[in-house]
1. Among 76, 15, which comes first, then next, by fewest other beta-carbon atoms within 10 Å?
2. Between residue 74 and residue 102, with labels modelled 7 Å along Cα→Cβ, what's the label distance in nm to one decimal, could you check?
3. Sort 80, 100 so that the residue with the fewest other Cβ atoms within 10 Å of its own Cβ comes first and the one with the most comes last.
4. Can you list the trypsin sites (Lys or Arg not before Pro) in region 39-117 that are in a DSSP coil and have 11 or fewer other beta carbons within 10 angstrom?
5. In region 32-104, which chymotrypsin sites (Phe, Trp or Tyr not before Pro) fall in coil by DSSP and have 11 or fewer other Cβ atoms within 10 Å?
6. Counting only the backbone N, which residues of region 83-105 are under 20 Å from the spot 7 Å out from the Cα of residue 37 toward its beta-carbon?
7. For residue 59 and residue 84, compute 0.36 nm times the residue count separating them, minus their Cα-Cα distance, and round to one decimal in nm.
8. Over 23 Å between Cα atoms, which of 71/93; 71/102; 47/71 qualify?
Amino acid sequence: MSHSGSKIHQFQIKMAEQKQTKAKSNTPQLKLPSQTRGRVFEGKVIKKFPTRVVIEFERTVRVQKYERFFKKRSRMHARLPNGMHINVGDYIKIQECRPLSKIIHAIVIEKVRSADVAEEKK
């Protein structure tokens, strides 16, 4: 009797392991193309391409001659990792990395908030 009970127990363990491996394979793994380092930027997505996004953010610049500050907009291109779903208007966080191409020097790290949430706050 105990012998058949152990076979059932082993079968249940195998089934549980198979479920875990299926669950792991279904979830998309975000593999960053290179090691990130350097500054972190946050901004709004203004353009989206299949492998990259363009974000725009404001920064303050000091004019020493007039002893004043003014706002300046900057645009950056960032690599979009596989499995990450970003839309135009989303507020995202990117981080610098090694040069990936002529214009891409950053990778998308995370989505801070989606476009519809940003519109509701206004």
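Laboratory data are not the source of any read-out in this text; all were calculated from the coordinates shown. Everything quoted here is computed from the prediction, not taken from an experiment. Note that each Cβ is placed from the backbone with ideal geometry, even for glycine, and that neighbours are counted across all protein chains shown.
1. Result, fewest neighbours first: 15, 76.
2. That separation, rounded to one decimal, is 2.2 nm.
3. The fewest-first ordering by Cβ neighbours comes to 100, 80.
4. 65, 102
5. On the way: sites: 41, 57, 66, 69, 70, 91; in loops: 66.
Hits after loop and neighbour filter: 66.
6. The answer is 94-105.
7. Contour length minus the Cα-Cα distance gives 6.3 nm.
8. Details: 71/93 20 Å; 71/102 27 Å; 47/71 21 Å.
Checking Cα-Cα distances, 71/102 exceed 23 Å.
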